[in-house]
Amino acid sequence: MDKAKAEYEAREPAHDYRAELREECYAIRDAVVAEMRDCCPLCSSLSIQFRKKAGTWICNSPVGRGYCGHVFEVPAKKEALTAAQKRGIRARKYMAWREKATNWDGDWKRVAILAWLADFREYLSLKHTKTLCKRCAFLEDMTDLKPCLECGFAFARTDSACPDCGHAVTEAQADSQ
């Protein structure tokens, strides 16, 4: 994170996309034409319900501590968005935000997360891992010795040959241990 932040601060400031996004969201909202919907003639609420048995409409809009409760025969008309139109607007706004936000050059935390994911992917691949038996792992981790590949005798890492059997350790064998 520190490296990504230092790289971000070293370059010129990134363009702020939020003002453009706000204008684009207003354009998306204004592009949708509202439909004429039934509403309460008293309070203009869209929360109305038709009562089949009585053949009338009733308003379910909350007003103050109670409900409007106005009963009427013919509903008034009002321009309003439907639920499907609202969902569509919300989806288009989200896609506009996602396009701008994910392609923004000023997000140094995103760069840091992507670098961390690359490191984590390499870690999970076990690329830089070696598997040792219990004895060899103990010799490597807890002591400053290494085992001979021929006889198994433990000797100092600085030695180039096993003092027990005389087997010479090559550079490649020393690196693999």
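The values are calculated or read from the model by the stated rules, or taken from the named source; none is laboratory data. Quantities reported herein were computed from a predicted structural model and do not represent experimental measurements. Cβ sites come from the backbone with ideal geometry, for glycine too, and all protein chains shown count toward neighbours. Areas reflect the complete protein model, heavy atoms only, side chains present, ligands, DNA and RNA absent. Shrake-Rupley method; radii C 1.70, N 1.55, O 1.52, S 1.80 Å.
A few points about this structure:
- Potential lengthening of the chain between Cys25 and Cys165 amounts to 42.5 nm, from the contour at 0.36 nm per residue minus the alpha-carbon distance.
- For the range 29-131, the extents of the C-alpha atoms along the principal axes are 82, 35, 26 Å, listed from largest to smallest.
- Residue ranking by accessible heavy-atom surface, 1.4 Å probe, largest first, among Glu122, Glu99 comes out as Glu99, Glu122.
- Computed in the context of the full set of protein chains, the accessible area of the range 41-167 at 1.4 Å probe radius has 56% of its extent on carbon or sulfur.
- Qualifying lysines (Cα of each under 30 Å from Cα of Lys77; at least 8 residues distant if same chain): Lys52, Lys53, Lys86, Lys93
- Relative contact order of the chain, pairs being alpha-carbon contacts under 8 Å that are 6 or more residues apart, as %: 18 percent
- Note on the chain: with a GNM built from Cα contacts shorter than 10 Å, the maximum mean-square fluctuation among Trp108, Trp57, Trp116 falls on Trp57.
- Candidate cross-link partners of Lys146 among the aspartates and glutamates, defined by an alpha-carbon separation under 18 Å and a same-chain spacing of 8 or more, comprise Asp159, Asp164, Glu171, Asp175.
- The distance from the alpha carbon centre of the range 20-57 to that of the range 129-145 is 73 Å, rounded to a whole number.
- The fraction of Cα-Cα pairs per 5 angstrom bin, counted from 0 for the chain, comes to 1, 6, 9, 7, 7, 6, 6, 6, 6, 6, 6, 6, 5, 4, 3, 3, 3, 3, 3, 2, 1, 0 percent, rounded to whole percents.
- Loop trypsin sites (Lys or Arg not before Pro), the range 97-173, which have at most 10 other Cβ atoms in a 10 Å radius of their Cβ (DSSP): Lys127, Lys130
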